[in-house]
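Have a look at the structure below before the remarks.
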Amino acid sequence: MTQSLLNALRAAARQAPESGIVEVVNAARGRADLIPLWVGEGDLPTPEFICEAAAGALKAGETFYTYQRGLPDLRQALADYHARVYERPFDAERFFVTGSGMQSIQIAVQMIVGAGDEVLVPTPAWPNIAAAVGISGGTPVSVPMHFGTLGWTLDLDLLAASVTPHTRAIFLNSPSNPTGWVADHSTLSAILALARKHGLWIISDEVYGRFYYGEGGRAPSLHDIADDSDRILYVNTFSKNWAMTGWRIGWMSAPAELGQVIENMVQYSTSGVAAFMQRAALAALSPQGDAFVAAQIARAEAGRKIICDAISGLPGCRFAEPEGAFYLFFGLDAHPDSRRLAMDLVRETGLGLAPGSAFGAAGEGFLRLCYARRPDHLAEGALRLSRWLAD
């Protein structure tokens, strides 16, 4: 009976992949000595001033339906925030509040991808984008990146050669989860030119754009070089910068003429984001929020140094120092099966890491470690790994 019920579902839903990260998490639930460096979040709680804004809105009775596109003052605050970060003006009509960065991705995919369509995805990549494309009936096409002496690199010729008559979009995540790779302006210009040539959309995931360790205070962005009319759907979230992963609130930036369509997509999924959550987001975009983001980035950069220094001398360890985001993606030559390695480590040492295979075939042989965490946990995690390898 159970199998019969499953077979009655749409194949795209039935075949949506399980999370390779959650499998490892489930193997260690309830363990008291756990060092959890597997998930994509820091360990700081949401700042009090953000929580107070939400509580104040609840107390004031802001518990009713509200604007589908987002509160007007929040959309203006997003435009002002982008103007500060990218040093040029932005129109508030370009911004749309969503129920998480993941919903932004789902809306972007649903607007442009259908049965038989293809989306090019440089890999290793966060697995949710491929799943979102598949659930919509499309096909994610992996464009494997190369790991070598220069770290992770994207072969632009391979990307161009992967375009077919069925290609509808390129998904670009820079800075990258899980590798920490960052597309420079030359690479971004080439991708934009390719998209313009073939009439493709770009879904630009710049969630980690502020977590950048080069000059300039933030990563290079398509916002620097693209026209407002280009076929680019930017997806973002409040989760990482402001320690709001559990709040589930994000945004999209898109050409203003798409506004009614995006509003409709929000209406037919969640009917909008709760007003009290949007008040919290408004507080996050305040000067207090800017100071918190700066402290978050400094903490992550310190964590990057701790973990890179600690594991650089491990036998057979290979990695490129991440340019952005807050993950170290590293491999151990003697342990090519990343799923088995992650499961062995968490069961035998209590060190929780994400298997590279969860990020596509190009990630096999690597592990992802989140270093936006307590310094003592990072040092202890590296020590446990070193001792386990020595046994």
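Would you pick out the residues in the stretch 334-362 that are over 20 Å from GLY180 (Cα atoms) and in a loop (DSSP other than H, G, I, E, B)?
If the condition is that a residue be over 20 Å from GLY180 (Cα atoms) and in a loop (DSSP other than H, G, I, E, B), then ALA334, HIS335, PRO336, ASP337, GLY350 are the ones that fit.
Need a quick list: strands (runs of 3 or more DSSP E) entirely within the stretch 122-196 having at least 3 residues that are in contact with a strand residue (DSSP E or B) (Cβ under 6 Å, 6 or more places away or on another chain) and within 25 Å of LEU369 (Cα to Cα).
Where strands (runs of 3 or more DSSP E) fall fully within the stretch 122-196 and carry at least 3 residues being in contact with a strand residue (DSSP E or B) (Cβ under 6 Å, 6 or more places away or on another chain) and within 25 Å of LEU369 (Cα to Cα), they are 139-144, 167-173.
Among the residues of the stretch 164-198, how many are more than 30 Å from GLU41 (Cβ to Cβ) and either in contact (Cβ under 8 Å) with a residue 60 or more places away in the chain or open to solvent by 30 Å² or more (accessible area, probe 1.4 Å) (or both)?
Qualifying residue count, the stretch 164-198: 11.
Being touching a strand residue (DSSP E or B) at 6+ places or on another chain (Cβ under 6 Å) and open to solvent by 30 Å² or more (accessible area, probe 1.4 Å) narrows it down to one residue among HIS335, HIS377; which is it?
Step by step, each of HIS335, HIS377 is checked, and only HIS377 is touching a strand residue (DSSP E or B) at 6+ places or on another chain (Cβ under 6 Å) and open to solvent by 30 Å² or more (accessible area, probe 1.4 Å).
Each row is one residue, and each column tells you yes or no for (1) over 19 Å from PHE238 (Cα atoms); (2) among the hydroxyl-bearing types (Ser, Thr, Tyr); (3) surrounded by 13 or more Cβ atoms within 10 Å (Cβ to Cβ).
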residue: GLY30; (1), (2), (3): yes, no, no
residue: LEU34; (1), (2), (3): yes, no, yes
residue: TRP38; (1), (2), (3): yes, no, yes
residue: PRO45; (1), (2), (3): no, no, no
residue: CYS51; (1), (2), (3): no, no, yes
residue: PRO72; (1), (2), (3): no, no, no
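The values are calculated or read from the model by the stated rules, or taken from the named source; none is laboratory data. Nothing here was measured: the structure is a model prediction, and the numbers come from that model. FYI the Cβ positions are ideal-geometry reconstructions off the backbone, even for glycines, and counts take in every protein chain you see. Areas reflect the complete protein model, heavy atoms only, side chains present, ligands, DNA and RNA absent. Shrake-Rupley method; radii C 1.70, N 1.55, O 1.52, S 1.80 Å.
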